[in-house]
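Notes follow once the structure below has been shown.
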């Protein structure tokens with residue numbers, strides 16, 4: 001259903017207006033998907049409903065196969081580059097946007113109840129950087145993680161930039177967000193998970209850990225890391241590094257850990 | 001040697017002017033170091049000479065211990081926030097900058113001649129993204145890599161953003177840049193290195209490779225990867241991933257590979 005838009009103030013494309021400003025204010029139940037790769041992933045995954053698409057005129061033909069995959073009934077708006085930039089409020093180089101619907105968010109308990117007997121989860125504490133959040137999700141999807149639990153102090157994985165950096169993985173790997181990392185840890189333990197905590201001063205080397213049954217690994221923000229009260233309760237693991245250098249980026253750390261523990 | 005600067009057009013701080021514009025045009029033998037973490041790493045490493053520093057007034061006292069580590073004879077310019085922003089051409093939130101000197105660049109041959117008998121190198125082909133270049137260097141330093149060979153199609157690891165993302169590692173791990181990835185591969189083989197090529201379709205799993213003697217691993221740009229002519233000549237390695245998802249980020253891939261092969 002291709003529908004032309006000639007006026008940046010057309011009420012049908014109102015949710016796309018002032019994209020950056022709304023990144024900060026929130027979108028009340030919607031999130032923005034941008035770019036071809038991410039949108040293909042979103043359509044393939046099907047975890048989130050897509051409300052509409054907005055495509056630059058000159059990309060309609062090259063993206064015909066993608067547009068053909070859009071379920072009928074979902075409007076695909078087409079606009080000239082000028083109108084598109086006027087809607088978004090800045091030059092939309094990617095030329096393709098979609099509006100996703102958050103729907104009812106899973107709770108950590110629901111996500112854990114659905115986990116298989118042999119499952120790998122991660123838990124995130126205070127990951128406030130969208131690049132890191134996106135990078136962690138990209139790794140989670142690459143290694144087929146079963147779920148991501150995110151504390152309330154972390155940023156939103158459905159934030160526009162986080163989705164883009166994740167290459168769409170934030171729309172693939174199941175996650176639940178809310179509460180304190182201590183609560184998430186309790187929930188994992190109650191669900192029969194072995195919970196490992198990453199720390200530069202971890203007592204065991206990652207290489208010595210065997211993948212087994214239900215396992216979860218917790219990651220803290222770069223710099224502060226996981227809270228001491230969490231590290232005290234759990235098996236702690238480290239990645240051996242050359243002394244004297246700043247520790248690894250948290251997204252890279254997640255890649256190394258998940259590569260080792262993936263089923 | 002703390003020297004006050006009151007005029008953004010003071011000729012002594014000329015190299016700091018219009019930072020972003022010069023990122024594009026180049027700096028004729030100089031490079032910019034920004035932020036406390038990176039500058040501490042640069043001073044500790046000592047691989048590159050530092051010509052001068054430029055610090056915001058309000059950071060002089062909190063950074064007194066860093067300033068004390070600056071070799072005498074190197075001017076440390078201090079300026080108000082307003083003057084600093086006027087010099088740089090945009091708000092310099094970090095409030096601390098330094099000008100590094102490239103000096104005479106090592107050639108790949110010189111770097112290889114200095115390699116120990118048990119050495120781990122990487123080779124980079126067409127890594128054009130500064131975030132990825134910085135991320136790869138950060139991993140290289142974290143795992144104590146002996147050297148990085150970079151082809152002429154890759155970006156400059158001493159570009160401002162690449163240094164920042166590397167957390168200063170681009171000023172720590174020795175590298176040499178130039179030529180074609182095929183030439184770099186030849187030079188590694190001639191120096192007695194086993195050369196492994198990473199590819200999503202690699203014939204061997206990373207986990208099966210043993211660290212041994214002189215080894216080097218080649219990485220290509222995300223998307224195209226390494227050229228076919230390179231993959232045909234070498235042992236190729238892959239990281240097993242969940243089918244259907246876009247491949248890992250190249251910086252994360254380097255972290256996983258180096259973690260496995262580090263001495």
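The values are calculated or read from the model by the stated rules, or taken from the named source; none is laboratory data. Predicted model only: the values in this text are computed from it and were never measured. Glycine gets a Cβ as well: all are built from the backbone with ideal geometry, and neighbour counts include every protein chain shown.
Remarks
- For region A:220-232, filtering for residues that are in contact with a strand residue (DSSP E or B) (Cβ under 8 Å, 6 or more places away or on another chain) and either facing another protein chain (nearest Cβ under 10 Å) or at pLDDT 95 or above (or both) leaves 5.
- Test: residue in region B:202-214 that is within 14 Å of another protein chain (Cβ to nearest Cβ), more than 23 Å from residue A:142 (Cα to Cα) and within 25 Å of the chain's Cα centre (by Cα): yes
Per-residue answers, yes or no, for (1) surrounded by 16 or more Cβ atoms within 10 Å (Cβ to Cβ); (2) assigned by TED's automatic domain parsing to the domain that holds residue A:155; (3) at pLDDT 95 or above:
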residue: A:8; (1), (2), (3): yes, no, no
residue: A:28; (1), (2), (3): no, no, no
residue: A:53; (1), (2), (3): yes, no, yes
residue: A:56; (1), (2), (3): yes, no, yes
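- Residue A:243 closer than 23 Å to residue A:128 by Cβ, modelled with pLDDT under 95 and out of contact with any helix residue (DSSP H, G or I) (no Cβ under 7 Å at 6 or more places or on another chain): no
- All of (1) modelled with pLDDT of 95 or more; (2) within 14 Å of chain B (Cβ to nearest Cβ) hold for residue A:217 with one exception: (2).
- Number of the exception - residue B:66 against (1) without any contact (Cβ under 8 Å) to a residue 60 or more places away in the chain; (2) crowded, with 17+ Cβ neighbours inside 10 Å; (3) within 27 Å of residue B:125 (Cα to Cα): (3)
Every residue, every condition in (1) more than 14 Å from chain B (Cβ to nearest Cβ); (2) more than 23 Å from residue A:46 (Cβ to Cβ); (3) buried (at least 24 other Cβ atoms within 10 Å of the Cβ), yes or no:
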{"residue": "A:138", "(1), (2), (3)": "no, no, yes"}
{"residue": "A:142", "(1), (2), (3)": "no, no, yes"}
{"residue": "A:155", "(1), (2), (3)": "yes, yes, no"}
{"residue": "A:159", "(1), (2), (3)": "yes, no, no"}
{"residue": "A:167", "(1), (2), (3)": "no, no, yes"}
{"residue": "A:174", "(1), (2), (3)": "no, no, no"}
{"residue": "A:183", "(1), (2), (3)": "yes, yes, no"}
{"residue": "A:191", "(1), (2), (3)": "yes, yes, no"}
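- Matching residues in region B:91-113 - criterion: being more than 16 Å from residue B:33 (Cα to Cα) and touching a residue at least 40 places away in the same chain (Cβ under 8 Å): B:105, B:106, B:107, B:108, B:109, B:110, B:111, B:112, B:113
- Subset tally (residues that are more than 14 Å from chain A (Cβ to nearest Cβ) and within 14 Å of residue B:74 (Cβ to Cβ)) for region B:31-60: 9
- Residue check for residue B:129: within 30 Å of residue B:46 (Cβ to Cβ) and out of contact with any helix residue (DSSP H, G or I) (no Cβ under 6 Å at 6 or more places or on another chain): yes
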